[in-house]
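Take a look at the structure set out below.
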Amino acid sequence: MIKNQLANQMKTLIELFETAVLNYPDNIYLWEKSKGKYKGTTYKDTRKQVLNLAAGLVDTGFKKGERAALVADGRNDWIISELGILYAGGINVPLSIRLETNELMFRLKHSGTKIIFVSKLHASKIEEIRGQLPEVEKVVFIDGKEKPGEKDIIYKDLLIKGEKLRKTDKEKYDKIWKEIQPNDIANISYTSGTTADPKGIMLSQLNYATNVVQSNGLLELQSHWKTLAILPWDHAFAHTTCLYVFMYKGASIASVEIGKTPLETLKNIPKNIKEIQPHVMMSVPAYSKAFRKNIENGIREKGEILYKVFLFALKVAYKYNGIGSDRGKGFRFLLKPLLALFDAILFKKIQAGFGGNLLFFIGGGAILDIEMQKFFYAIGLPICQGYGLTEASPVISSNVPHCVKFGSSGKPVKNMEIKIVDGDNNILPQDEKGEICIKGDNAMLGYWKNPTATEETLKDGWLHTGDMGYIDEEGFLYVLGRFKSLLIGNDGEKYSPEGIEDAILIHSPYIQQVMLHNNQNPYTVGLVVPDMEAINRELKNQGIEKGSEKGISEALKLIQESINQFKKGGKHEGMFPERWLPAAVAVLPEPFSSDNKMLNALMKLVRGKVNEHYEKEMEFLYTPKAKNIENEMNLNSIKKWNF
């Protein structure tokens, strides 16, 4: 069990923001693109808007402890709305813009939301269901509404009204936020609810304030740093590590330019990175993989010779960096001049594509494959893998540039106890695998209106994460995956699938997505989404027509060969135990995506949804016919990709 201490604890988000405004009044807090140009809003100007919004909100009848929901894209008004709700004594219910109407309705009803803040792109969903939400008294339209009704409030009007109210009775409204207590609920953040109804995680003012200080204890941010917040703001990772950790040091947060569609917003990220020139960025595996793919494709387009030089440069960097913590030590120092050369002629140009100021990424949301960590460290843009979950506010541990160990999730934050336990809750020694448990002021209050789930997760003050991991002799935490997503053999042995899945994707150019499955079955199976662009390119090189009978057959053979390279006789034989490699695979006719609910907001696989949707395919995979990849089901799937 590890227990770390940290001084200078803050007790509320209100105290955090007030201190930031006091220390950095003229620093830019928020950057937002308007009329083709990024414009900054200072800490003191942000505070004025927050106080005005809070006063306007109180004037509507909004009372301490009541809930207001927020459904909006990441932008200035998102954080101003949240802080306004908190300064009014309320509880924010941040909701994903990806939620469908039925999903929104459950969360709004369950939380007892009184007021909804909504931006233009998502207003139609709220309008569709508001008649079925009797507890909702008002809807605040952040971007206005043409013909507002009696229960509609225009956001700008609320700010104007609040400003007038504060001029006449400032003390009345200041008294509300000055009386906010550490254990007052700040947020009710809902889980994805993939296997049951979503749970509302109650995070207090103290939970957030503690985790902000804990995160800063791992690495001290600089007040001149900027970040581009590319992850969903309602998600705990971006919520704490961007919006509030940067606030703590008076640093700046930029929002992605909002497009007319989510895809258009996504496409704005590369352009916005160059415009903002961030010093730090938060990333998740899906984004990291996309960044790497774009980097490699860009180099390959410049010629095969340059690409081969790049691959050699990577090998040199991999050797020099070792496992991270031993970078440049021993014989490796001999490689430093060669690495400096490659840095000057290759890696610096890649870094320029990320604005030129980027020092590192913080990785979270899911486990990032060790090879991916090595790649970004090699090109001078390290992804410092961290670990957390919303119930922990969310940061539990992280690598940082001066303390990295590839494959780990870094060292735990201070002001928190951590232990690894077995099934009987006995503490395990270092290097032994078990459930990760934490105890500290960053651990949630519990689940809203769900005492049973609370009791199952919070035991004697310890938060049981449901994640398997271990701590090594140097104090680095290794996270092996969710217990619920583990592969389980028919003899009860367990194995985490994420490492195998990531390795398949990295070493198999013909596979775009993969999910492994074994729930006490005789063997492991896999669901595969093919990369048809890469497959068809290879078929063309071989002079085979895509979509032809031979083309379909060869496409399946390429996929099978990609899997076989990890098996006996393959190039990567021995990387994983054979029993956890797929003995049969189903080639799927469509990708996993957020649209079909098989990926969550952070592009992480929602295994429960995938298992449910492909139940029949799973059943087929445990039949003799499935062992031959050229079965009717897979042949039909490849045909669908080509037409």
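A few comments on the model shown:
- Taken about its Cα centre, the stretch 579-643 carries a charge dipole of about 180 debye when Lys and Arg each add +1 at the Cβ and Asp and Glu each add -1 at the Cβ.
- GluC sites (Glu not before Pro) restricted to the stretch 266-322 and DSSP loop, no more than 14 other C-beta within 10 Å: E301
- Between the helical axis of 632-641 and the longest alpha-carbon principal axis of the chain there is an angle of about 60 degrees.
- Rg over Rh, two decimals, the stretch 85-221 (C-alpha only, Kirkwood Rh): 1.01
- Overall dimensions of the chain, expressed as equivalent-ellipsoid semi-axes from the Cα gyration tensor (√(5λ), whole Å, largest first), are 42, 28, 26.
- Phi-based couplings in Hz for the stretch 467-480 (Karplus 6.51, -1.76, 1.60; Gly and Pro marked x): 10, 8, x, 7, 10, 8, 5, 9, x, 7, 8, 10, 9, 9
- Between the helical axis of 155-178 and the longest alpha-carbon principal axis of the chain there is an angle of about 70 degrees.
- Between the stretch 197-212 and the stretch 419-455, the alpha-carbon center distance in angstrom: 16 Å
- Scattering profile of the stretch 166-231 at q = 0.16, 0.25, 0.29 Å⁻¹ [log10 I(q)/I(0), Debye over alpha-carbon scatterers]: -0.90, -1.03, -1.12
- Taking amide hydrogens as placed 1.01 Å from N in the peptide plane, the amide H of G74 sits under 5 Å from those of W233, each at least 5 positions away in sequence or on another chain.
- For the stretch 2-159, the square roots a ≥ b ≥ c of the C-alpha gyration tensor eigenvalues yield an a/c of 1.5 or more together with a/b exceeding b/c, which makes the shape prolate.
- Of K302/K550; K550/K616; K125/K449; K414/K597; K267/K319; K138/K459, those spanning more than 30 Å from alpha-carbon to alpha-carbon: K302/K550; K414/K597; K267/K319; K138/K459
- Note, ³J(HN,Hα) from phi for the stretch 356-369, Karplus 6.51, -1.76, 1.60, rounded to Hz, x at Gly and Pro: x, 9, 5, 8, 5, 9, 9, x, x, x, 6, 6, 9, 4
- Partner lysines for K494 [C-alpha distance under 22 Å; skip if fewer than 8 residues away on the same chain]: K419, K433, K484, K567, K568, K604, K609
- For the chain, the longest principal axis of the Cα atoms and the long axis of helix 285-300 meet at an angle of about 60 degrees.
- Euclidean distance of C-alpha centroids, the stretch 81-151 and the stretch 494-509, integer Å: 40 Å
- Residues with amide H under 5 Å from that of A186, placed H, sequence gap 5 or more: L203, S204, Q205
- Charge dipole of the stretch 557-643 about the Cα centre (unit charges at C-beta), most positive-ward option of P589, I559, G569: G569
- Accessible area of S397 (1.4 Å probe, protein heavy atoms only, ligands and nucleic acids ignored): about 0 Å².
- For G481, residues with placed amide H under 5 Å, excluding near neighbours: M468
- Coupling constants for the stretch 249-266 follow from the phi torsions by the Karplus curve (6.51 cos²θ - 1.76 cosθ + 1.60, θ = phi - 60°), and in residue order they are 10, x, 8, 10, 10, 10, 9, 6, 4, 7, x, 6, 9, x, 5, 5, 4, 4 Hz; glycine and proline get x.
The values are calculated or read from the model by the stated rules, or taken from the named source; none is laboratory data. Being a predicted model, the structure only gives us computed values, none of them experimental. Methodologically, a virtual Cβ is constructed for each residue, glycine included, from the backbone with ideal geometry; neighbour enumeration extends over all protein chains shown. We work out accessible area using only protein heavy atoms, side chains counted, and drop any ligands, DNA or RNA first. Shrake-Rupley method; radii C 1.70, N 1.55, O 1.52, S 1.80 Å.
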